Amino acid sequence: MKNIVSPSFSRRSFIKTSSLAGGGLLIGFNLFQACKPEAAPPVDISKLNFNDFNAFIKIADNGIVTIFSPNPEIGQGVKTAMPMLIAEELDVLWDNVHVAQGELDTENFTRQVAGGSQSIRLGWEPLRQTGATARQMLVNAAAAKWGVEASECTTKEGFIFNANGDKLGYGEVVKEAAALKVPENVKLKDPKDFTIIGQDINNVDIDKIVAGKPLYGMDYKEEGMLYASVLRPPAFGKKLDSFDDTEAKKVAGVQSIVKFGDKIAVLAKDTWTAMKGKKALKANWISDETLESTEDHDKKLIELLDGKDFDTMRSDGDIKKAFEDVDQVIERTYESPFLPHNCMEPMNFFADVTDEKVRLVGPIQTPERTAGAVAELLERDLKDVSVEMTRMGGGFGRRLYGDFALEAAEISKVAKKPVKVVYSREDDMSAGIYRPAIKYRISASIKEGKITGYHLKEASINSNMYGLIPNFFPAGAIENYQVDVASYQSKITTGAWRAPYTNFLSFAEQSFFDELAEILEVDRIQLRLDLLQKVKGTTDERIQYSPERLENVIKVAVEKSGWGNSKEGVFQGFSAYYCHNTHVAEVADVVLENEMPVVKKVTCVVDCGIVVNPLGAKNQIEGGIIDGVGHAMYGNFSFKDGEPKDKNFNSYRLIRINETPVVETHFIESDVAPTGLGEPTLPPAGAAVSNAIKAAKGIRLYKQPFIENMKKEKAPLG
Amino acid sequence: MPIYNLKINGQSHSVEADQETPLLWVLRDHLNMVGTKFGCGIGQCGACTIHLDGSATRSCLLQVSMVENMEITTIEGLSEDASHPVQQAWKEVDVPQCGYCQAGQMMSAAAFLEENNNPSRLEIRDAMSGNICRCAAYNRIEKAVELAASKINQTS
C-alpha cells in the first residue's frame, strides 16, 4: 500500500532557524505557504532574504527580540498588531521587542501583504503559532541544558523556569536552540493568559513620525535620480494629438522631456522644476468619442434601474409572487457620486530601469501584481523586476493599483535614468481610480404589516458588488429576497475605495429600514431585531454574518448611546451593519446650528472578536466613522465632458477637525479570533447620520453628499 | 540661478534655486529635510506647515526669495530629540494612523500653543481646522493638543 502523506499543518516547513554569526538565534518564517526546501535563514543579519521568508525573528544573546517585518504600514496599525501576536506567544515583555523594517534589499524579491481588513484575521493563527514554536525551541534548549523534561518548564517575560527553581534567560539558550529540531504541534496560550494581546500598544513607527524622519515613498531618493511631473489627458476619453515643448525646455533646470503613450513627462533635478516645466508644456488633445458628464451617468444608471437587464446575485423564494400579493409596495432609490481617494501623500513611485534589472520603490499595496504588470509592459523577465515598499501616506484602496509605478517604469526606460514620478494634488484627483457612482433601488412588499419581499437593484459604473456582499443582512431574514445588479461601462477609471460597495450600500439599506419602520409604525430597533430572529439557526453557508452578534451590538448600542433618552435638541439616528467579518452598530447624535445639521457624537459598538491592540483599534474605528461621516456629508465629485470639476482642496471638501464628531467606542468582550477594523466602521456611519437628520429636520435623504442635497430637499408638510 | 541664505532650525544653509521655488521644495529636494510634507500645493491642507519667525506658515506658498534672514523652523528642528511637549503628547495619545500629515499638524499645534497655552476644545478645533488628516485621526489630535497644553503649563 502506498503511503499517503496528509497535507497536515507542519511547522517544520513554515519555520527555519539559523545561528547568527554575531550571536543570537534567527528564525525565518512563512505565513501562508511552506518554505522552499532549500530556503535557509542567513547567518549574517544584514542579508535577510524576504524572498524565501515573510519575516524574521531575532533573539539576541541579551534576550532582546527583534521582529523584522517587511510589510510597511498603510495606516491601519498592522505593523504594530502583527508583531504583538508573535510576542504574546513567545512570552516576552513588549518593552524588549523591537520591530524593524526589513533592510532595503537590492536583490530580486517581492513582498506580500494582505489587504481588505484581512491581515489580522488571516495572521491570527500562523503568527501565534510562530511565536509559540520559537518559545518551545527555547524551552527545549533550556530543558536539555538542565537535564529535565521540557514539559516541566514554564516561561514568563523572556525567562525559562524549571521545577527546581532554576532560571535561564532566552538569550542564554539561543545558541543551543538554533541547533535543535523545529518542534511541531506546539500549544497556544489560553486567551485568559494573554499579557500583550488586549493591551494598549503604541504605533511602532511613532518615534520616526513625530521626529519627521523619512519613511514614505515621497521621501525616497537616490543619487542621480530625476523627478518627473507628468502631463496626462485632461479628460477621460481624450487623447494626445500633438504637443509643443519649446517653452518647457526653456525652464531652467529641466533635464529632458519624455513622451510615452498619451502622456508627456518633464524631468528635472527637483520636483518644483519638473512641475514648472510641465505647466509650460502646450498640448492639443482630441476626442473622437462622446465625453461623459455626471448628468449622463445619472441618466444611464436610472435607465438601468428602470430596465430589465440584470444579473441576479442571490434569489430566495419567489420575489415576483411576493410583489403581486401585497397590500403595499415601498420603493426608494439611493444615489451616490464618484469619490476620489485623496490619500494625503499623493501618488508617487521610483523606478530604475537598466539592461540588467528593473528596480521599483514606493508606496504600493500590491507589489506582486505591480511587478508582474511592469514586467509585461517592459517585456522583461519577472525575475529581473523587484518592488520595494515604503510606508504609505494613506491608501483607502488607491494604492492597490500600480498605474503610477508603470508610469515611472516607462519613463525611466525611455530616459535611461532613475526616475521618481510625483503627482501634484491636481494630478492625484484627476487621474484617479475612483469609487464608482452607484444607485440602489430597494423595494419591499408589505402584506398585513409584514415585510414579505425585498428586492435590491444595483446600477453601478463599470463593475458591481462581488463576493459575499449579496448575502449580507437582510439576506436570510426575508423569505422572498433578490439582489440584481447591472453596470454601465464608462471610460472613467474606477476601483476599490475603503469598504467597496458596502460604503454606500449600507447607507441605502439602513436608511430604507428606518423609513420602513416609520411607514409600518413599528419601532425602528425592534424591526431590525425581529428580522434577525429569522436568520438564527440558518444552514445557509453563504450567510457569514451572525444574527446573534449583530443583535448583540444593536442592543449594546441602544444602551450605551442613551437611545430614546437624548437631551432636548439632540436628535439620534441608528444604523447597524456587518462587513469585513466585523459586526458594528452606530448611533449618531445630531444638533441643528443655523438650521444645518452638525454631527456631535457617534456612539459605536464593535464586535471584532478579540481586540489585539485596543489603542490602535480605536484609532481605526474613530477614523473609519469620521471618514464615513465626512464623505456622506461633503464628498461630491462630478465630471463635465470627461473632466473632474474639482481638482484640489480649495473646491473639493474633506471633513476637517472643527466638523468632527466625538466617537465613543465600545467593544464587545469576546474570546473568538479577531477580525479586521480598517473598513467596517465606515459603512454604517452615513445612515446613522441621515437617520438622525430625518429626526432633526423631517427630511429623508436619498442622495449623498447630504449638505449639497439638503439644499434641494424640502421638508415634508405637517 | 541665484543663491539664497536661509536660516533653518538655527543653522545657515545656502541654496541655489529659482527664486519662485517654494520653501517646501527647497527643504525637501535641495536640503533633504523631508519631514515637511507636500499635500496640495495651494495652502489648503497644512501638511507643509513650518514656523516662520515663530508663526505657523504654509511652506508650499512661500517663495524661497521671500524668506532670507528669517527664522525657519521645521519638524526636524521643533526639538532636538522629539521632546517638544507637542511631540510628546502626539506619542502618548498615539495620534498617527498613516502619519503623513502629522508633522504639519504638530507644527500648527506648537505655534498655536505659543499664543494660547490654555485653549478650550472649541479653540483647538478652530486653530487646527487648517490641517487635513485624511485618516481622520481628529479626535486624537484634539486630545493631544489638550495634553500638550497641560504639559506646557506644568513646566512653565
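Quick look at the values:
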read-out: So A:THR271, is it more than 30 Å from A:GLY75 (Cβ to Cβ), among the hydroxyl-bearing types (Ser, Thr, Tyr) and in contact (Cβ under 8 Å) with a residue 40 or more places away in the chain; value: no
read-out: Selection status of B:GLU76, in contact (Cβ under 8 Å) with a residue 40 or more places away in the chain and either buried (at least 18 other Cβ atoms within 10 Å of the Cβ) or within 11 Å of chain A (Cβ to nearest Cβ) (or both); value: yes
read-out: Which numbered condition A:GLU222 fails, given (1) buried (at least 16 other Cβ atoms within 10 Å of the Cβ); (2) within 35 Å of the chain's Cα centre (by Cα); (3) at pLDDT 95 or above; (4) within 14 Å of chain B (Cβ to nearest Cβ); value: (1)
read-out: Which numbered condition A:SER651 misses (of (1) within 12 Å of chain B (Cβ to nearest Cβ); (2) crowded, with 24+ Cβ neighbours inside 10 Å; (3) not in a strand (DSSP E or B)); value: (2)
read-out: The range B:26-56, residues that are more than 8 Å from every other protein chain (Cβ to nearest Cβ), hydroxyl-bearing (Ser, Thr, Tyr) and crowded, with 23+ Cβ neighbours inside 10 Å; value: B:THR49
read-out: Looking only at the range B:125-138, and only at residues there that are in a helix (DSSP H, G or I) and surrounded by fewer than 24 Cβ atoms within 10 Å (Cβ to Cβ), the one that is nearest to the other protein chains (Cβ to nearest Cβ); value: B:ARG125
read-out: Restricting the range A:109-146 to residues that are small (Gly, Ala, Ser) and modelled with pLDDT of 80 or more, the residue that is nearest to the chain's Cα centre (by Cα); value: A:GLY123
read-out: Per-region count, the range A:43-61, residues buried (at least 16 other Cβ atoms within 10 Å of the Cβ) and in a loop (DSSP other than H, G, I, E, B); value: 8
read-out: Options A:ASN480, A:ASN464: the member that is surrounded by fewer than 23 Cβ atoms within 10 Å (Cβ to Cβ) and more than 30 Å from A:ALA235 (Cα to Cα); value: A:ASN480
read-out: Residue ID - surrounded by the fewest Cβ atoms within 10 Å (Cβ to Cβ), chosen from residues in the range A:332-356 that are touching a strand residue (DSSP E or B) at 6+ places or on another chain (Cβ under 7 Å) and more than 30 Å from A:SER638 (Cβ to Cβ); value: A:ASP352
read-out: Residues (of a type outside the set (A, V, I, L, M) and within 8 Å of chain A (Cβ to nearest Cβ)) located in the range B:89-124; value: B:TRP90, B:LYS91, B:ASP94, B:PRO96, B:GLN97, B:CYS98, B:GLY99, B:TYR100, B:CYS101, B:GLN102
read-out: Count of the range A:196-212 residues which are out of contact with any strand residue (DSSP E or B) (no Cβ under 6 Å at 6 or more places or on another chain) and either touching a residue at least 60 places away in the same chain (Cβ under 8 Å) or more than 23 Å from A:ASN96 (Cβ to Cβ) (or both); value: 10
read-out: Test: residue in the range A:198-205 that is outside the structural domain of A:PHE667 (by TED's automatic domain parsing), over 30 Å from B:GLY35 (Cα atoms) and among the charged types (D, E, K, R); value: no
read-out: Members of the range A:142-193 found to be of a type in the set (Val, Ile, Thr) and not in a strand (DSSP E or B), listed by number; value: A:VAL148, A:VAL173, A:VAL174, A:VAL182, A:VAL186
read-out: Total residues in the range A:33-67, condition of a type in the set (A, V, I, L, M) and more than 31 Å from the chain's Cα centre (by Cα); value: 7
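The values are calculated or read from the model by the stated rules, or taken from the named source; none is laboratory data. Everything quoted here is computed from the prediction, not taken from an experiment. Please note: Cβ atoms are built from the backbone with ideal geometry, for glycine as well, and neighbour counts cover all protein chains shown.
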